[in-house]
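First up is the structure itself, then whatever we jot down about it.
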Amino acid sequence: MASREKKWIDTTPMREIVFGCGVVLILLSPVVGAIPGPGGTIVFAIGLAMVLRTSRWAKHRYVKWKRNHPEAGRWTDWGLRRRSAKRREALMKQQKEASRLEKAPQGD
């Protein structure tokens, strides 16, 4: 049985460091947000991505939040460039196309 090589982020000290940096970025985002431009949003998104990547508790909270706010969850997934969001978008596009074709008048 082949062993899976651990990625550097999978080690406990690195996960703690990345989590801590993510929390600091989230807390820093209002300060950066006071500067003109979209800096606060970008800093918050990077911090959120770091926290979600390393914390199981944060992932569970995010999933619950996303269920309660599906439209906002769709935008955050898009912002985080999640593969699941891309799959859902492609599926929604296919469903819309299929329903559009079904509704089209049939001419003989």
Return yes when residue 16 is acidic (Asp, Glu), open to solvent by 100 Å² or more (accessible area, probe 1.4 Å) and either modelled with pLDDT of 85 or more or not in a loop (DSSP other than H, G, I, E, B) (or both) and no when it is not. yes
Given the conditions (1) modelled with pLDDT of 85 or more; (2) of a type outside the set (Phe, Trp, Tyr); (3) outside any helix (DSSP H, G or I), and given that residue 61 satisfies all but one, which numbered condition is not satisfied? (3)
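The values are calculated or read from the model by the stated rules, or taken from the named source; none is laboratory data. Since the structure is predicted, the reported quantities are computational estimates derived from the model, not experimental observations. What goes into the accessible areas is simple: the full protein's heavy atoms, side chains included, and nothing from ligands, DNA or RNA. Shrake-Rupley method; radii C 1.70, N 1.55, O 1.52, S 1.80 Å.
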